[in-house]
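Comments concern the structure below.
The values are calculated or read from the model by the stated rules, or taken from the named source; none is laboratory data. Computed from a predicted model, the values in this text were never measured in an experiment. Cβ placement follows ideal geometry from the backbone for every residue including glycine, while neighbour counts extend to all protein chains displayed. Note: accessible area is taken over every heavy atom of the protein model, side chains too, but ligands, DNA and RNA are not part of it. Shrake-Rupley method; radii C 1.70, N 1.55, O 1.52, S 1.80 Å.
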Amino acid sequence: MNARKLVVSQTQIPQSIRNSLLYAVMEPPNSAPPFTPKPPSILATGLLKSYFERGLIREARTLFDEMPERDVVAWTTMISGYTSCNLHGRAWVVFCGMMRCTDVRPNEFTLSSTLKACKGMSSSSRGALVHGLVVKQGMSASLYVSNALLDVYATCCVNMDEASAVFHEIRGKNDVCWTTLIAGYTHRGDGYMGLNVFRRMLLEEGKSSPFSFSIAVRACASVHSCTYGKQLHAAIVKHGLEFSLPVMNSILDMYCRCGSLNAAKQCFHEMTQRDSITWNTLIAGYEKSDPYESISTYSSMESEGLSPNCFTFSSVIAAVANLAILSCGEQIHGRIIKRGLRGNLELDNALIDMYAKSGNFASARRIFDKMPTRNLVSWTSMMIGYGSHGYGNEAVDFFEEMVKFKVRPDRIAFVAVLNACSHAGLVDKGVNYFISMVSDYNIAPDPEIFGCLVDLLGRAGRVEEAFKLIESMPFDPDESVWGAFLGACKEHNHPDLGKLAIRKVLALKPKIASTYVVLSNIYAADGKWGDSAKMRKLMRWRATKKEAGRSSVEIKNQNYSFVAGDKMGSHMDCVNEVVKILVKHIRDARYIPDLDFFIHDLEDGT
DNA sequence: GTAGGGTTAG
């Protein structure tokens with residue numbers, strides 16, 4: 001008998017299935033034990049799964065289309081196969097095709113797999129359709145089905161009402177039900193509710209699992225509660241879970257997000273095993289607070305032979321963006337290309353941000369133009385880049401273009417466009433955007449947005465209007481609003497309103513030294529030296545020691561970082577050279593420095 | 001031969 005005709009693409013088929021196919025077409029041996037070949041449909045289903053696991057989607061589809069008989073398991077394998085390859089829409093189409101076949105009915109496996117596809121499509125409405133079928137088929141008792149349904153509603157609905165209703169109806173809840181509910185609250189930003197459910201799970205049910213601990217730790221991180229996080233860390237050790245890598249990765253992440261970088265560092269060094277997520281978490285943790293350490297940790301990761309991935313590079317690129325070291329960013333970009341990691345949306349967004357912040361708009365634009373798909377972050381990164389470098393009109397054009405492409409702006413996009421309007425002096429346009437944000441996009445203005453609007457009016461000299469706006473705000477203005485107003489008062493010479501703003505900032509944030517310095521300078525500029533000195537005294541008494549502002553400059557591919565009064569040895573000559581060039585540019589631009597403030601700022605060394 | 005929850009990027 002010729003077995004070759006049946007064994008297609010031999011190299012792609014696992015040995016076990018190849019043997020089964022051979023046995024299926026060969027005569028069984030005469031001697032015992034008796035051999036029962038598996039039916040061809042079972043073999044084909046095994047092959048289908050194998051194709052999906054290897055990403056051979058076209059081959060899986062061809063095989064499925066050529067199957068003479070397709071039972072419920074074959075259909076379900078297609079649905080879960082497509083979902084495992086993130087092709088949720090195709091999984092849904094297969095499910096609809098199956099429902100049209102009269103000879104096959106979905107089972108619990110089919111319904112839970114289809115619900116996972118609904119979650120992948122973020123479609124609670126399709127999930128509700130499947131929910132109806134679950135009730136009709138009498139499958140509500142299946143924990144797999146109920147949990148999948150709970151997951152769809154918790155992830156895709158506007159609130160947790162539907163998910164809670166499903167959860168309460170589950171009889172004989174297991175730890176998966178609880179973990180799914182906790183994750184639902186936590187992933188939508190309600191970390192306290194997530195922790196509350198976790199507490200109930202422990203106290204009322206006496207249940208816990210590594211999964212539930214991980215998500216509870218994530219909940220602590222989301223509410224920035226290091227106190228709860230430490231308690232959970234202790235409980236994890238008590239439960240013997242400190243050797244679970246995902247659990248410890250979440251602890252590491254929690255310390256980073258709570259700003260306890262020393263605790264994170266200690267945790268990292270004490271971990272007995274580390275994977276790429278461990279390294280990526282620490283690199284991301286350092287990204288904002290200590291970008292140099294972030295880059296250095298990335299270097300150590302490479303030295304230890306671990307392969308950086310898209311997550312790693314997104315964080316390192318963000319760290320480079322914070323430092324605006326273009327040459328370093330270009331080097332890392334080269335490594336990304338070398339590793340074949342081009343085309344990742346988040347990574348491209350990080351690169352746009354880095355190039356835009358470093359002032360290389362041509363490269364930022366090139367990446368943006370070549371992106372196969374763009375999201376809101378891509379557009380916003382370009383807008384922030386243009387806006388922060390004084391190209392307000394270009395940023396506004398980008399916003400308009402984005403809206404034309406039917407990308408719905410969010411709060412951050414409006415912050416970007418309002419800031420751009422502010423810097424470009426487009427006051428009326430900015431006010432119109434603010435009105436559109438509230439009326440067309442239903443976004444409630446928060447203190448930051450009001451701060452942008454106050455800044456917009458204030459920079460244009462409309463200080464009284466800005467003050468009226470502050471007075472009409474639906475909540476108490478925070479220090480950022482008063483800070484923006486203070487800048488306007490300083491710029492357009494409104495000392496009385498400026499002093500009022502300062503008093504407000506001091507009442508809200510009495511420990512910030514710079515506020516006292518600004519007020520002291522206002523008094524000094526007014527010739528009130530006694531009041532000026534009083535503020536300096538008050539600062540030393542009340543405020544915490546101000547961390548010195550650190551500057552960095554890139555010269556011939558070498559980055560130099562320094563603070564005021566720093567002794568940099570021979571490097572100081574390079575810095576002085578750059579300062580001379582800068583002063584020349586400033587003079588050429590006919591800028592007249594405000595010496596009243598300049599002198600006193602220097603006196604304090606800040 | 002088919003199904004579940006957790007940790008990393010903007």
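Annotations
- In chain A, the longest principal axis of the Cα atoms and the axis of helix A:191-205 are about 50 degrees apart.
- Rounded to whole Hz, the Karplus (6.51, -1.76, 1.60) HN-Hα couplings of region A:265-274, x for glycine and proline: 4, 5, 4, 4, 6, 7, 5, 7, 9, 9
- Cα gyration tensor category, rounded, prolate or oblate, for region A:198-248 with a/c compared to 1.5: oblate
- Cα gyration tensor, region A:53-192 - rounded (a/c under 1.5), prolate or oblate: prolate
- In this view, the solvent-accessible surface of A:LYS404, computed with a 1.4 Å probe and all protein chains in place, comes to about 150 Å².
- The phi torsions of region A:397-409, fed into the Karplus equation with coefficients 6.51, -1.76 and 1.60 and a -60° offset, translate into couplings of 4, 4, 4, 4, 4, 4, 4, 4, 7, 6, 8, 7, x Hz, rounded to whole numbers, with Gly and Pro shown as x.
- For the pair A:GLN273 and A:SER327 in one chain, pulling the backbone fully straight at 0.36 nm per residue adds 16.1 nm over the alpha carbon distance.
- Partners for A:LYS338 among lysines (Cα-Cα distance below 18 Å; same-chain residues under 8 apart left out): A:LYS370
- Listed residues A:HIS492, A:HIS423, A:HIS333, A:HIS585 arranged by accessible area, highest first, probe 1.4 Å: A:HIS585, A:HIS423, A:HIS492, A:HIS333
- Subset of A:LYS499/A:LYS528; A:LYS173/A:LYS238; A:LYS468/A:LYS504; A:LYS116/A:LYS207 violating a 19 Å alpha-carbon distance limit: A:LYS173/A:LYS238; A:LYS116/A:LYS207
- Filtered GluC sites (Glu not before Pro), region A:30-111: DSSP coil and at most 13 other beta carbons within 10 Å: A:GLU69
- Acute angle (nearest 10 degrees) that the helix A:276-289 long axis makes with the longest principal axis of chain A, alpha-carbon atoms: 20 degrees
- Heavy-atom accessible area, probed at 1.4 angstrom with all protein chains present, ranks A:GLU464, A:GLU169, A:GLU330 as A:GLU169, A:GLU464, A:GLU330, highest first.
- Region A:328-368: chymotrypsin sites (Phe, Trp or Tyr not before Pro) in DSSP loop, at most 10 other beta carbons within 10 Å: none
- Subtracting the Cα-Cα distance of A:ASP71 and A:ASP531 from their residue separation scaled by 0.36 nm leaves 156.9 nm.
- For chain A, calculated [θ]222 nm from helices alone, where every DSSP H run of n ≥ 4 adds -39500 (n - 2.57): -22000 deg cm²/dmol
- At 1.306 mPa s and 10 °C, Stokes D of region A:54-134 from Kirkwood alpha-carbon radius, µm² per second: 125 µm²/s
- 0 to 90° range, to nearest 10: angle between helix A:513-525 axis and chain A longest Cα axis: 30 degrees
- Each label was represented as a point 7 Å from its Cα along the Cα-to-Cβ direction; for A:HIS239 and A:ARG408 these points are 3.7 nm apart.
- Computed E for A:THR62/A:CYS96 - FRET, C-beta separation, R0 25 angstrom, nearest 0.05: 0.80
- Here the extension length gained between A:LEU202 and A:ILE435 equals 79.1 nm, from 0.36 nm per residue of separation less the Cα-Cα distance.
- Straight-distance crosslink candidates among aspartates and glutamates, where the alpha carbon sits under 14 Å from A:LYS406 and sequence neighbours closer than 8 are dropped: A:ASP440
- Per residue, the average separation of C-alpha pairs within less than 8 Å and at least 6 apart gives chain A a relative contact order of 4 percent.
- If R0 is taken as 51 Å, the Cβ-Cβ distance between A:MET473 and A:SER84 corresponds to a FRET efficiency of 0.55.
- Accessible area per residue was computed with a 1.4 Å probe on protein heavy atoms; A:HIS88 scores about 30 Å².
- Residue by residue, region A:104-111 carries 3J(HN,Hα) couplings of 9, 10, x, 10, 4, 4, 4, 5 Hz when phi is fed to the Karplus relation 6.51 cos²θ - 1.76 cosθ + 1.60 (θ = phi - 60°); x denotes Gly or Pro.
- Two-decimal Rg/Rh across region A:391-531, once Rg and the Kirkwood Rh are taken from alpha-carbon atoms: 1.03
- Solvent-accessible area of A:SER112 with every protein chain in place, 1.4 Å probe, in Å² to the nearest 10: 20 Å²
- Both radii were evaluated on the Cα set of region A:228-299; the Rg over Rh quotient, with Rh as the Kirkwood radius, amounts to 0.96.
- Straight-line reach from A:LYS119: taking Cα to Cα under 18 Å and skipping same-chain neighbours fewer than 8 places apart, the aspartates and glutamates in range are A:GLU108, A:ASP151, A:ASP161, A:GLU162.
- Largest accessible area first, the listed residues A:GLU471, A:GLU242, A:GLU577 line up as A:GLU471, A:GLU577, A:GLU242 when surface is computed with a 1.4 Å probe on the assembled protein chains.
- Ratio of Rg to Rh for chain A: 1.05 [Cα atoms; Kirkwood radius as inverse mean 1/r over pairs].
- From the alpha carbon centroid of region A:419-452 to that of region A:208-246 is 40 Å.
- Kirkwood Rh, angstrom, region A:439-479 [1 / mean 1/r, Cα pairs]: 10.7 Å
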